[in-house]
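Everything on this sheet refers to the single structure shown next.
The values are calculated or read from the model by the stated rules, or taken from the named source; none is laboratory data. All figures in this text were calculated on a predicted structure; none of them were measured in a lab. Here Cβ is always computed from backbone atoms with ideal geometry, including for glycine, and neighbour counts include all displayed protein chains.
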Amino acid sequence: MTSLPATAPAKKLGLVIDLDVCVGCHACVISCKEWNTGGYGAALSDQDPYGAEVSGTFLNRVHSFEVIPEGGEIVGEAGEARIVHFPKSCLHCDDAPCVTVCPTGASYKRTEDGIVLVDEDMCIGCGLCAWACPYGAREMDLAAGVMKKCTLCVDRIYNETIQEIDRVPSCVRTCPANARHYGDLADPQSEVSLMVAARGGIDLMPEQGTRPVNKYLPPRPRQVLGAGSEQALLAENTDGATGFFAWLDGVLERI
Amino acid sequence: MKSKPRVELSRPVSDEVRKTTCYMCACRCGIDVHIKDGKIRYIEGNRDHPVNKGVLCAKGSAGIMQHYSPARLRAPLLRTGPRGSGEFKEISWEEALGIATDWLSEVRADDPKKLAFFTGRDQSQSLTGFWAQQFGTPNYAAHGGFCSVNMAAAGIMTIGGAFWEFGAPDWDRTRLFIMFGVAEDHDSNPLKMGIAKVKKNGARFVSVNPVRTGYSAVADNWIGIRPGTDGLLILAVVHELLKARKIDVDYLMRYSNAPWLVIDAPGTAEHGLFARDADGKPMVFETVTERVVPKGTAGARPALSGRYTLEDGRNVTPSFALLAEKYLDEKYAPEAVAAETGVAAETIRGLAAEIARTAFDEAIFIDQPWTDINGERHDGYVGRPVSFHAMRGLSAHSNGFQTARALHMLQVLIGAVDCPGGFRFEPPYPKPLEAHPTPHGRAEHFGSNKPLSGPHLGFPRGPEDLLVDAEGRPQRIDKAFSWDAPISAHGLMHMVIANAHAGDPYPIDVLFLYMANMAWNSSMNTAGVIRMLEDKDPVTGEYRIPKIIYSDAYASETVAYADLILPDTTYLERHDCISMLDRPISEPDAVQDAIRWPVVEPDRDVRGFQSVMLDLGARLKLPGFVDQRGNSIYKDYADYIVRHERRPGIGPLAGFRGTKGDRTGRGAINPDQLQRYIENGSFFSAHIPLEAQFFKHANKDYQDFAVRMGFFDTPQPVTFQLYSETLQKFRLSADGLREPFAPETHRQRIRDSFDPLPDWYRPFEEASVEGDKFPYHAITQRPAAMYHSWGSMNAWLRQIHTKNPLYVPGPICDEHGLKDGDWVHLISTHGRIKVEIARMEAVNSSTIWTWNAIGKRKGAWSLDTDVPEARKGFLMNHLIHELLPPKGDGLRWSNSDPVTGQAAWYDLRVRIEKAEAGETSEPRFPAMAEPGGKREHPEQLRYGQEWAK
Amino acid sequence: MHPALSIIVFTTLSGLGYGLATALGTGLLDPAATATKAAHLLALALIAAGLMSSTLHLGNPQRAWRAFSQWRSSWLSREGVMAVLTFLPLAASAFLAIFESRYEPALGLAGAALSLVTVYCTAMIYASLKSVQTWHTPLTPLCYLLFALAGGFSLSTFFAAMGGGNLLLSSGLAAFFVCLAWIAKLVWRNRMNTLRPISTPETATGLGFIGKVRLFERPHINDNYLTNEMGFRVARKHAVKLAALSFGLGGIVPVALLLGLLALGAAHPAVAVGVALLAVLSHITGMLVERWLFFAEARHAVMNYYGG
């Protein structure tokens, strides 16, 4: 059924992505590809893999943005451009437009945990859900002709054949910078919810009305180097080597 | 509305998990390779592994595509077309090894130095070095000379170790982490994990890097320095710290040579050397008794300043007094260096203040009594929670050695080496200079059919240890350890082809290379190197470099230039050891090493390179490779790893030694050792006792532990060498005061660059070209998802970096009327390239850059000839020459650091000119054939489709 | 958005087909005339061709039947359902006209109404997408409906000229709908050209609080499904030319010809047939360009992540 669950799911499993530490290494991108190409549904194909037009299906991609501050709100960095690496996959929206547009019922949002999935056996590959998603979270696999998307590694997170500690999405498990966190965002006391509260986690494109489950933690505000300690440093200033050696002798006396 | 119960939630991932060690970069993470139906289903980080603790980078996860890449070589190859054509015929191993043995045995009997054996991406240097030593050629090194020898050599000569494999920041305790321009593809997972910890702990991360990508992007403070001026920035920080008296005097007195007395006798052969007693022990001035005593005298309180007269009348002064005087000079004041570094004076002062505040106001204390090397008991460890990391950015300049020295000095001045919260050594480091060998390779060290009398590489203690002849001429093909590059501890691989081509200092017969893409991205002046490889003697019609043997797993550009190819396996098909004898993976708290083993069997006629070396060694009857009867000692590399002993009881692997497998470090051969490693996840880890974990350079328990482990046979404490006597000896030679004298041609150069105290001078290329003709810097950065050139044959990784634009700072774009997608000529004193640009703001305003090694030659790596890598990708290498522009003296110096010979990749100066739009980057090269025949490429990959439900 | 030929052809042809069916459903043409019988067949053929064409872009067309199931939530499903439902009265009307030469008003009007509902459903597939702000307006279904009527009555004018019925009324209505459609379309275009994007790189990344956001590097260098599907860009100057062309061919030329028919009266039937045919062909050509632009000029929110 491509209507959204009538009542809010008991759980809202999702990701929290920390833009303050993502170094843009693409580890999550490839780990996702690797897990999912042999996992849920059809393989994630790559067209022209060794040729000029190489392009494949990915469920998670890392964009890089350059942000040029306007005005002086950012301490110590006004006027300094910065790079922000930006991983993006399905946000498992509460109001997922991709689900409601699906003509066949292949797209659905699970009532038990809010994960948005595609039943590939029912997917006709019309592509409308990809159009409906403002985030680019859905990609048609050109070999299989069905829509692929992040499953939140539904075949890992409940998988009883792997260790409990590994029952997290592949991207989260692999992230070397600890920029990806997974948990229940419906539970205000969950680690991810607390993180979102503490760091002012944000929704992407809130104006689209999709109410994403995944949250992004914005880069932390920067502090100027030496703020507060500069005065202290100058106070003990010594002019030239003579004064310095006099001080040094004093120190040696005390040791 | 219920969800459909149509998802299989608990499908087993694989049939079996095989744990081995990654080799997608030099990080050496532990990996769990999931095998399903005999194929690789999934590769993930090994949670128990001390290096990566479960995480894995993009390259590691893309191991599947690396392993199944069509660019894998399939069988030994013998060249049939001209060099560079890529035309080969497949031959048997027997034939290949027979040819190699013929070539090599002739050289060994005739003149062993006619073999130049250089390895690139080698993680088995203890074997390859041993092989070369037993062969008897003086011409062996790995690739450190064009990688990071500046950092390694400066570190060892200053504190007994450097970063990465020598030590790491105390990530859990550090409060301020400062990183100087670094390669995102090396040691990447530990750095990423560390940065994440720093951030999580609310500590500060400062990045000093002209380009704000990768790690710099997440730095709390980014200092977009002008390339090549880091040393000046560091010395300005030192100036500020001294001025504000924010140094750890007690630490300096105890652990450094700050109190050692330096002889002040200008014009004599001992000027600037340490005053020593009859036993050669350096002397200090004891302030209570006002006497000169040997260092380490119990109860002595040595002076750090003042001027004293020895009984024999010589004037001396503590080295620290020289140091303080030098850096307190106003030429190191922040205002004085701001213009040169491009860093505002207040930023430099802020950095110094932050370092001072963190080191001293946030000092930490760990309540763990310990004993120092002099027997003194301490209540605990005092920590200065400021830590540093640096690598390529500092190293790859012609002033890199001194810059790296400056950074190590800074750490010592604030007392932050091997303390809680600071930089911490990883066993077997620290290792004092004296524990390293001196280099071997002079004429008396080798001869026909005999081994070299000692290791090739090491550290000269002074000019007397150089590998030069009586006339001062270089003895090695790369001119390592000559007056050109006296402390070239890792050799100069980047000079080998040029020197061999020129027959300078002599011609060679066989060039033997392993996994180094010297005909493309690993050489400066790529087109020139290609010409040298192709060049023939007009008289004989023979190639100037007559025979080239190359081993690689993939059809790289260099394959096409070799005559004989020995195809290597992929990293999942081989045995390897990451050895304490080599470049281990220890952590500050633990001794660690690791193995690789074939988790899948090769499906081609390929062999692991190390096994091939053992085979060749046996065929050549090299001592150490054959027994008295001439039979080969080792079956293959796996056998060698287990049974080889470097010293009695000490072999390639430290773990599971002894007949019961219960000995660590030293112990008898254990035939089950590899199996034990495999059962343990392919690594071994032994913790350092708590009382030995810090101040390892002077910690008695650690030193005893190191002896037990077999790192040393006697304790080898390290006294940090802020003032380097070795460098001063070279200066005395340059001044004609101390024998051997430096040649006239080299004297000024040595005077300028061998300051015994860390120093800064302008990088050579910048100093030699006219600034207004070449106003900008051009450098490369390493993308985190690629490792050198080894990523483009990987169907998943190449999608991330299919081509590389030239990133041009906004102000330069505006000045030249450039916008995204425009084409430009980038011109250096050596050459020009034509490439497509992209604008960028988050970069030093005089620094143009691109990603490293994305550009590929047409036909290489088994890619189609029209791929973006070959059409629009490009190398900066074309702009960099292995020699500096000619100067008035008629000499052309190597484009290297004058101390170590480190290739000065990042000294490049350029100008930019708008060009007409193009379709293909320039210079262009003709396509090369695929070695061993063209492989049909699949139109699409559906990896794992057979496992889809 | 990528202007896929299959979808352009589908919306243009099915719009024409349903428009003609609507005109036929009003009983405008003489059910006994051969031309009217042909018109019925053509309407069905256009609708069928359009629907066939729409399945061409499916990844798995063999499962297309599943698309009827989600009519409660999906406009695409509703379109499919409506297309089938509409087929019944249209087929019945066609049967009556062809075999019994008669027009059943209840059936005809039902067919006409359902035809318009089907066109509305098609339009709502686009208009319901908040991710494509250009489309996300009630003006989109209004344009689709008016263009369907404009095309349908133009076609019916042709069949009227062929002897199927009242040429003057038909051409008058056609001219009226063409004018109305273009008024709606121009209002639609004006809205598009003055839109302030609700989503920007700043809202897409949440980094607007720091400053201006621009793409530095794509996640993967080459185009991917998303950029191929959503990243189509047409140069502004080309778009202006094409818009003028579509307005000329789809609006001014047909209206002039239709008004010419009005002036011509019934004097020259052969000329009238030619003029009506020209009007129809010109309109169709204009519509193809209009539909191409409808997709090509639409900017998808995802391009905020791709620098588009």
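Among the residues of segment B:276-306, those that are among the β-branched types (Val, Ile, Thr), within 21 Å of residue A:250 (Cβ to Cβ) and surrounded by fewer than 20 Cβ atoms within 10 Å (Cβ to Cβ) comprise B:287, B:288, B:289.
Those strands (runs of 3 or more DSSP E) of segment A:79-172 in which at least 3 residues are within 7 Å of another protein chain (Cβ to nearest Cβ), considering only elements entirely within it, cover A:82-89. Among residues of segment B:281-319 being out of contact with any Phe, Trp or Tyr (no Cβ under 8 Å at 6 or more places or on another chain) and within 12 Å of another protein chain (Cβ to nearest Cβ), the one that is modelled with the lowest pLDDT is B:300.
Among residues of segment A:173-204 being within 14 Å of chain C (Cβ to nearest Cβ) and outside any loop (DSSP other than H, G, I, E, B), the one that is farthest from the chain's Cα centre (by Cα) is A:199.
Just one residue in the set B:868, B:886, B:931 is in contact with a Phe, Trp or Tyr (Cβ under 7 Å, 6 or more places away or on another chain) and either within 16 Å of residue B:835 (Cα to Cα) or away from every other protein chain (no Cβ under 14 Å) (or both); that residue is B:931. Entry remark, segment B:490-508: residues being part of a loop (DSSP other than H, G, I, E, B) and out of contact with any strand residue (DSSP E or B) (no Cβ under 9 Å at 6 or more places or on another chain) number 3 in total. In the set (1) more than 24 Å from residue A:127 (Cβ to Cβ); (2) assigned to a helix (DSSP H, G or I); (3) facing chain A (nearest Cβ under 10 Å), residue C:212 fails one condition alone, (2).
Looking across segment B:713-739, the residues that are surrounded by fewer than 23 Cβ atoms within 10 Å (Cβ to Cβ) and either of a type in the set (A, V, I, L, M, F, W, C) or more than 17 Å from residue B:271 (Cβ to Cβ) (or both) come down to B:713, B:714, B:715, B:716, B:717, B:719, B:737. Just name the residue that is surrounded by the most Cβ atoms within 10 Å (Cβ to Cβ) out of those in segment C:72-90 that are more than 15 Å from residue C:126 (Cα to Cα) and either of a type in the set (A, V, I, L, M) or within 13 Å of another protein chain (Cβ to nearest Cβ) (or both). Of everything passing the filter in segment C:72-90, C:90 is surrounded by the most Cβ atoms within 10 Å (Cβ to Cβ).
In this structure, does residue B:36 turn out to be touching a helix residue (DSSP H, G or I) at 6+ places or on another chain (Cβ under 8 Å), charged (D, E, K, R) and closer than 30 Å to residue B:516 by Cβ? Taking the combined requirement at face value, the residue does not satisfy it. Filtering segment A:29-44 down to residues that are touching a Leu at 6+ places or on another chain (Cβ under 6 Å) and facing chain B (nearest Cβ under 7 Å), which residue is farthest from residue B:858 (Cα to Cα)? Ranking the candidates gives A:37 first. For segment B:537-588, the candidate set comprises residues that are hydroxyl-bearing (Ser, Thr, Tyr) and part of a loop (DSSP other than H, G, I, E, B); within that set, the residue that is nearest to residue B:656 (Cα to Cα) is B:579. Assessment of segment C:296-307 against the conditions (within 14 Å of another protein chain (Cβ to nearest Cβ), in a helix (DSSP H, G or I) and either in contact with a Lys or Arg (Cβ under 7 Å, 6 or more places away or on another chain) or hydroxyl-bearing (Ser, Thr, Tyr) (or both)) yields at least one matching residue. Can you find even one residue in segment B:808-822 that is in contact with a strand residue (DSSP E or B) (Cβ under 7 Å, 6 or more places away or on another chain), under 20 Å from residue C:220 (Cβ atoms) and either free of Cβ contacts under 8 Å to residues at least 60 places away in the same chain or not in a strand (DSSP E or B) (or both)? There is at least one residue in segment B:808-822 that is in contact with a strand residue (DSSP E or B) (Cβ under 7 Å, 6 or more places away or on another chain), under 20 Å from residue C:220 (Cβ atoms) and either free of Cβ contacts under 8 Å to residues at least 60 places away in the same chain or not in a strand (DSSP E or B) (or both). Residues that are part of a helix (DSSP H, G or I) and surrounded by fewer than 18 Cβ atoms within 10 Å (Cβ to Cβ) within segment C:1-54 comprise C:5, C:6, C:34, C:38, C:41, C:45, C:48, C:49, C:52, listed in sequence order.
Taken over segment B:53-69, the criterion of being of a type in the set (S, T, N, Q) and within 7 Å of another protein chain (Cβ to nearest Cβ) is satisfied by B:61 alone. Among the residues of segment B:25-50, those identified as more than 10 Å from chain A (Cβ to nearest Cβ) and of a type in the set (A, V, I, L, M) are B:26, B:31, B:33, B:35.
The set of residues in segment B:150-179 being aromatic (Phe, Trp, Tyr) and at pLDDT 95 or above consists of B:171, B:177.
Set side by side, the residues C:145, C:129, C:116, C:139 differ, and just one is more than 11 Å from chain A (Cβ to nearest Cβ) and without any contact (Cβ under 8 Å) to a residue 40 or more places away in the chain, which is C:145. Condition (residue is hydrophobic (A, V, I, L, M, F, W, C), part of a strand (DSSP E or B), touching a Lys or Arg at 6+ places or on another chain (Cβ under 9 Å) and crowded, with 24+ Cβ neighbours inside 10 Å) applied to segment A:19-35: is it met by at least one residue? No: segment A:19-35 contains no residue that is hydrophobic (A, V, I, L, M, F, W, C), part of a strand (DSSP E or B), touching a Lys or Arg at 6+ places or on another chain (Cβ under 9 Å) and crowded, with 24+ Cβ neighbours inside 10 Å. Within segment C:168-209, being over 28 Å from residue C:258 (Cα atoms), away from every other protein chain (no Cβ under 14 Å) and either in contact (Cβ under 8 Å) with a residue 24 or more places away in the chain or among the hydroxyl-bearing types (Ser, Thr, Tyr) (or both) holds for C:191, C:192, C:194.
Rundown of residues vs (1) assigned to a helix (DSSP H, G or I); (2) within 14 Å of another protein chain (Cβ to nearest Cβ); (3) surrounded by 24 or more Cβ atoms within 10 Å (Cβ to Cβ), yes/no style:
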| site | (1), (2), (3) |
| --- | --- |
| B:853 | no, no, yes |
| B:856 | no, yes, yes |
| B:878 | yes, no, no |
| B:890 | no, no, no |
| B:917 | no, no, no |
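Only one residue in B:828, B:789, B:846 is more than 23 Å from the chain's Cα centre (by Cα), surrounded by 21 or more Cβ atoms within 10 Å (Cβ to Cβ) and either more than 13 Å from chain A (Cβ to nearest Cβ) or at pLDDT below 95 (or both). Which one? Selected residue: B:828, the only one of B:828, B:789, B:846 that is more than 23 Å from the chain's Cα centre (by Cα), surrounded by 21 or more Cβ atoms within 10 Å (Cβ to Cβ) and either more than 13 Å from chain A (Cβ to nearest Cβ) or at pLDDT below 95 (or both). Looking across segment A:45-65, the residues that are in contact with a helix residue (DSSP H, G or I) (Cβ under 7 Å, 6 or more places away or on another chain) and more than 8 Å from chain C (Cβ to nearest Cβ) come down to A:50, A:52, A:59, A:60.
Suppose the filter is among the basic types (Lys, Arg) and either within 14 Å of chain A (Cβ to nearest Cβ) or crowded, with 20+ Cβ neighbours inside 10 Å (or both); does residue B:6 pass it? For residue B:6, the condition - among the basic types (Lys, Arg) and either within 14 Å of chain A (Cβ to nearest Cβ) or crowded, with 20+ Cβ neighbours inside 10 Å (or both) - is met. Condition first: under 19 Å from residue C:194 (Cβ atoms) and in a loop (DSSP other than H, G, I, E, B). Now tell me which residues in segment C:215-246 satisfy that. Within segment C:215-246, C:234 is the sole residue that qualifies. Checking B:529, B:591, B:599 one by one, the residue that is part of a loop (DSSP other than H, G, I, E, B) and either more than 18 Å from residue B:787 (Cβ to Cβ) or of a type in the set (Asp, Glu) (or both) is B:599 and no other.
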